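Asks: Below you will find the structure I want to go over with you.
The values are calculated or read from the model by the stated rules, or taken from the named source; none is laboratory data. Not measured: the values here are computed from a predicted model. Note: ideal-geometry Cβ built from the backbone for every residue, glycine included; neighbour counts use all protein chains shown. Just so you know, the surface numbers come from the protein's heavy atoms only, side chains and all, with ligands and any DNA or RNA stripped out. Shrake-Rupley method; radii C 1.70, N 1.55, O 1.52, S 1.80 Å.
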Amino acid sequence: MRRAVTGGRADLVTRALIIVNVLIYLAELAQSGSFSATNSQLVVDGALYGPGVADGEWYRLITGGFLHANVIHIGFNMLMLWWFGRSLELYLGRWRFLALYSISLLAGSAGALLLQPNALTVGASGAVFGILGAGLFLERRQIYVFGGSAMIIVVVNLVISFAFPGISVGGHLGGLVGGLAAILVLSRLGRSNPAYSRFNLQTAAGLVAIVVIAVLVSYLRVRGLA
């Protein structure tokens, strides 16, 4: 399963994402003065929020995925990213993994807006669910990036998403769909190995198409057309 890595750490992107998320959360704490960072200016200005997006603040589709509400929130998300992101990055390689993570983040934002456009939504969980979705697809093809436990991991996390209040179900489902769509494109609809298939214009166009769809869904929802 493991692919060869030439130079540097095999999990560089995962580590970098965790560092960025933690640094941003520390900035939130400095602003809020407490471990609950929901009243920090970073959250106010950067959280995913439908009316804000409708006013042209499209950066919220991305920035919301790097903000967190409290210690438990960021701790759980970063732990999930550490556990599963490293394995997927090791298999796919840095750039494919980064593309999948980014697409899942945007798809998670679109899903969150679809179900709760007026909620203030933060967290990396949409992107993390995209990682889980990609792992599920790979393990259905007998590529055991998560040791054969991808289905159980996805089911347990979906149950948690629906069982506890305050969790963005739309963000999680959107991220899951985004990750599945991205890995389908990278594998050429399952016809080739996503880690080794040639990254060509067709692949790039497919990934861009997912991004366009996620942004379009977000646009239609905040404009009241979906």
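Asks: Expressed as an acute angle from 0 to 90° and rounded to the nearest 10, what is the orientation of the C-alpha long axis of helix 94-115 relative to the principal long axis of the chain?
Replies: The two axes meet at around 40 degrees.
Asks: Let me ask something else about it. Cα axis of helix 201-222 to longest principal axis of the chain: angle in degrees, 0 to 90, nearest 10?
Replies: Approximately 20 degrees, to the nearest 10.
Asks: Arrange the residues Ser161, Ser34 by how much accessible surface each exposes, largest first, with a 1.4 angstrom probe. Spell out each step's value before the answer.
Replies: Values: Ser161 5, Ser34 50 Å².
Largest accessible area first, the list is Ser34, Ser161.
Asks: Do the sum for the chain: with -39,500 (n - 2.57) for every DSSP H run of n ≥ 4, divided by all residues, what is the mean residue ellipticity at 222 nm, to the nearest 500 deg cm²/dmol?
Replies: Numbers: 11 runs with 145 residues, N = 226.
Theoretical 222 nm ellipticity from helices: -20500 deg cm²/dmol.
Asks: A further question follows. Please state the Cα pair-distance histogram of the chain with 5 angstrom bins from zero: what percent is in each bin?
Replies: 1, 8, 15, 19, 20, 17, 11, 6, 3, 0, 0
Asks: I'd like to compare 167-178, 142-153, 116-127: which one has the highest average count of other Cβ atoms within 10 Å, and what's the full order after that? Working shown, then result.
Replies: Values: 167-178: 25.1, 142-153: 15.2, 116-127: 23.4.
Answer by packing, highest mean first, reads 167-178, 116-127, 142-153.
Asks: Further, regarding this structure: Take the alpha-carbon centre of region 34-64, take the same for region 70-137, and report the distance between them in whole Å.
Replies: Answer, in whole Å: 17.
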